[in-house]
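**Student:** Encoded as C-alpha cells, here's the structure I'll be asking about.
Quick note: the coordinates plus some simple rules give every number you see, no bench work behind them. No experiment lies behind these values; they were computed from the predicted model shown. For neighbour counting, all protein chains shown are included, and Cβ atoms are generated from backbone atoms with ideal geometry for every residue, glycine included.
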Amino acid sequence: MGPLESCHALLGQIIGSEIEQIEVMRRAEEHRFYWRPNNGRVILLAESHVYTAKAELDRRLKIFDDGIQVIPQGFVRLVYCPGYGENEALDLPIVNPKNSGTPQFWKVFFSCLNRVSANSDFVPILKGGETNLAKRLGNKLRLLGELRAKGVWLLDASLAALYIPGRPKPAAETIQAALRTSWDSYLRTVICDARPAHVVCIGRGVGREMEHRLRDSTGVDVTILPQPNARISAAEHLDAFQKYYEVCQGV
C-alpha cells in the first residue's frame with residue numbers, strides 16, 4: 001500500500017462511507033502532478049476538490065494539447081481538469097449533479113499572473129464572457145502552463161473531497177481531522193519535497209489548521225487569504241486577488 005492509499009484508508013475512518021473511491025484520489029493526483037512545476041516557488045493550498053462519483057471517472061476529455069504533451073484526459077471535479085465546469089469539453093455531459101466547475105479558482109489562477117483591477121479582467125477564462133469554448137479552453141491551458149513555468153502549484157489540504165454537491169459540508173471537527181490526517185500521512189512529504197518559498201492558504205479554516213504545521217515543518221512564509229467565494233465585499237475580494245499577484249510575482 002502506497003502513501004496515497006494509506007491516506008485514503010485513514011480518511012475513510014474519519015469521513016465514513018461517503019468517502020470517495022481511491023480511484024478518484026488517484027485521478028485528482030494525476031492532474032495535479034501533471035501541472036507540478038519543476039521549480040516550485042509558491043504553493044496555493046486549498047481545502048479540497050469537489051466530490052466526484054466513481055461513475056463520473058468514465059467521462060473523458062476531448063483531446064487537448066498544452067503544447068508539450070497531451071494533458072490527462074480523465075474527468076475529476078478539480079480545477080486542474082479542463083472538463084470540470086465545461087460539459088462541451090467532455091465526450092459525454094454530466095447533468096446530475098451539475099458540472100458547475102469552480103470559476104472562482106480560475107480567478108485565483110488568473111490573478112497570480114495578472115494584476116486585476118476589475119471583474120471584467122477575468123473575461124478570457126470565464127463562461128459568459130466574450131470567448132467561445134475553444135478560445136476559452138486555450139486561454140485556460142495557456143494560463144496553467146504559465147503558472148507551471150512560474151512555479152505556482154495548487155494543492156488540497158484534504159486529499160479526499162469534503163464537499164458533496166447538494167449536501168451540507170461536514171462538521172468542522174471532521175474537516176479539521178481530515179486536514180490533520182492528510183498532512184501527517186501524505187501532504188507534508190509532498191510540500192517538503194516541493195521546497196516552496198511561500199504558501200498561500202486559501203480560506204481561514206485552512207490557515208488556522210495548517211499555518212503552524214507549515215512553519216514548523218518547512219519554515220516557509222505563509223499568507224492566509226479568504227476563500228474566493230467568501231461572503232465579503234467586492235473590494236475585499238479585489239484586495240485578495242491583488243495579494244495573490246504580489247506574492248507570486250515577488251517570490
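**Student:** Identify the GluC sites (Glu not before Pro) of the range 85-156 meeting these criteria: DSSP loop state and at most 14 other C-beta atoms within 10 Å of the C-beta.
**Tutor:** Of the GluC sites (Glu not before Pro), the ones in loops of the range 85-156 whose Cβ has at most 14 other Cβ atoms within 10 Å are E130.
**Student:** At what distance in nm do the modelled label points of D221 and D193 sit from each other, each positioned 7 Å from its Cα along Cα→Cβ?
**Tutor:** 2.6
**Student:** Would you calculate, for the chain, the mean residue ellipticity at 222 nm contributed by helices, counting each DSSP H stretch of 4 or more residues as -39,500 (n - 2.57) and dividing by all residues, to the nearest 500?
**Tutor:** -13500 deg cm²/dmol
**Student:** Simple spin-label model, 7 Å along Cα-to-Cβ: R231 to A171 in nm?
**Tutor:** Result for the modelled spin labels: 2.3 nm.
**Student:** Which net charge results when you count Lys and Arg as +1 and Asp and Glu as -1 among the other residues whose beta-carbon is under 14 Å from that of T223?
**Tutor:** Local charge sum for T223: +1.
**Student:** Let me ask something additional. Want the number for L141 to A55: 0.36 nm per residue separation, take away the alpha-carbon distance, what's left?
**Tutor:** Here the answer is 28.4 nm.
**Student:** Listing R231, R32 from the residue with the fewest other Cβ atoms within 10 Å to the one with the most, what is the order?
**Tutor:** R231, R32
**Student:** Average projected area of the Cα convex hull of the range 3-250, in nm²?
**Tutor:** 12.5
**Student:** Which lysines have a Cα less than 17 Å from the Cα of K127, not counting those fewer than 8 places away in the same chain?
**Tutor:** Those lysines meeting the cut-off are K98, K107, K135, K140.
**Student:** Rounded if a/c is under 1.5, else prolate if a/b beats b/c, else oblate: with a ≥ b ≥ c from the C-alpha gyration tensor eigenvalues square-rooted, which is the range 1-80?
**Tutor:** Because a/c hits 1.5 or more and a/b fails to exceed b/c, the range 1-80 counts as oblate.
**Student:** For the range 3-250, calculate the relative contact order in percent as a whole number, restricting contacts to Cα pairs under 8 Å that are 6 or more residues apart.
**Tutor:** Computed over the range 3-250, the figure is 29 percent.
**Student:** Suppose we keep just the DSSP beta bridges with both residues in the chain; what percent of those would be antiparallel, to 5?
**Tutor:** So the antiparallel bridges in the chain amount to around 15 percent.
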